[in-house]
Amino acid sequence: MLSLACRNRNLSPLQRQSMAMFGGLMLLSVVFLSVAHEAAEHYTVSKSLVMILDLLPAIPISAMILVVSRYLTRETDEFIRLLVMRSLLWGIGTTMVADIVLSAVARDPRALHFAVVYNIDVFTVTAMIALSLQLRRAQ
Amino acid sequence: MKNRLRVLRAERSWSQADLAERLAVSRQSVNAIETGRFDPSLPLAFKLASLFDAPIEEIFEAEAAEAAAQAE
């Protein structure tokens with residue numbers, strides 16, 4: 001979905017570059033989460049290594065915040081910046097609601113282990129939908 | 001905040017895209033300012049004033065000033 005969005009000719013080079021970086025980091029966080037999950041489930045590894053592997057996804061997620069922050073700093077169009085900020089708020093709000101629903105519904109602890117993946121997905125999809133709807137309204 | 005952007009633009013036969021290019025913003029920004037859905041920042045307002053060679057108050061009119069003028 002992000003790679004499709006990157007090909008959108010209406011995007012500025014900065015937007016395209018930021019989306020590509022965000023998508024790459026999102027993928028990396030999923031890889032790290034899967035590695036941590038696999039190691040904990042199928043291999044006998046020390047507790048400290050499990051903890052390190054569990055903490056690894058925090059690196060790309062922190063980098064994602066930096067990518068968004070960098071984009072907002074460099075975006076010269078203040079109206080577009082406002083729309084992006086609003087979309088991010090929609091994304092964060094929806095993610096929090098989805099998180100509450102997931103923690104109430106999920107009884108399997110493995111589902112909660114992947115909550116971060118769901119969170120990133122829900123956040124990204126909601127923010128992108130909110131942004132495209134706002135841009136359409138602004139046409 | 002009301003503005004005369006559409007009129008000033010029409011006087012110069014500029015499209016929204018033309019004005020957006022001159023201001024280095026998106027066409028959506030110009031549209032949002034024209035329709036009053038978005039109030040530009042001071043730097044952008046000054047840019048508009050310089051582009052149209054007119055003082056800011058000739059382009060933008062605050063609602064309060066408008067109401068005061070009507071009351072008189």
Next item on the list: Sort through A:R81, A:R107, A:R74 and tell me the only one that's more than 14 Å from the chain's Cα centre (by Cα) and more than 14 Å from chain B (Cβ to nearest Cβ).
Entry: A:R107
Note to self: Restricting to region B:20-52, name every residue that is among the polar types (S, T, N, Q), at the interface with chain A (Cβ under 8 Å from one of its Cβ atoms) and either buried (at least 16 other Cβ atoms within 10 Å of the Cβ) or in a helix (DSSP H, G or I) (or both).
What the structure shows: B:S26, B:Q28, B:S29, B:N31
Check: Counting only residues that are not in a loop (DSSP other than H, G, I, E, B) and not hydrophobic (A, V, I, L, M, F, W, C), which one in region B:9-19 is nearest to the other protein chains (Cβ to nearest Cβ)?
Finding: B:Q16
Check: Restricting region B:2-27 to residues that are more than 13 Å from the chain's Cα centre (by Cα) and among the polar types (S, T, N, Q), which is nearest to A:F79 (Cα to Cα)?
Finding: B:S26
Checklist line | Any helices (runs of 4 or more DSSP H) falling wholly within region A:75-139 and containing at least 3 residues that are aliphatic (A, V, I, L, M), within 18 Å of A:M64 (Cα to Cα) and open to solvent by 30 Å² or more (accessible area, probe 1.4 Å) | finding: A:78-105, A:115-137
Check: Based on what the data block shows, is A:L27 assigned to a helix (DSSP H, G or I) and over 19 Å from A:M128 (Cα atoms)?
Finding: no
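This table checks each residue for (1) touching a residue at least 24 places away in the same chain (Cβ under 8 Å); (2) over 30 Å from A:A36 (Cα atoms).
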residue	(1), (2)
A:L72	no, yes
A:I80	no, yes
A:L83	yes, yes
A:S87	yes, yes
A:W90	yes, no
A:A106	no, no
A:F123	yes, no
A:L131	yes, yes
A:Q139	no, yes
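I'm trying to understand the selection: among the residues of region A:121-139, which are closer than 30 Å to B:S15 by Cα and not charged (D, E, K, R)?
A:M128, A:I129, A:A130, A:L131, A:S132, A:L133, A:Q134, A:L135, A:A138, A:Q139
The values are calculated or read from the model by the stated rules, or taken from the named source; none is laboratory data. The model shown is predicted, which means the values in this text are computed figures rather than measured ones. Because the Cβ atoms are built from the backbone with ideal geometry, glycine has one as well, and the counts that use them run over all protein chains shown. Each accessible area value is taken on the protein alone, full model and side chains, heavy atoms only, with ligands, DNA and RNA left out. Shrake-Rupley method; radii C 1.70, N 1.55, O 1.52, S 1.80 Å.
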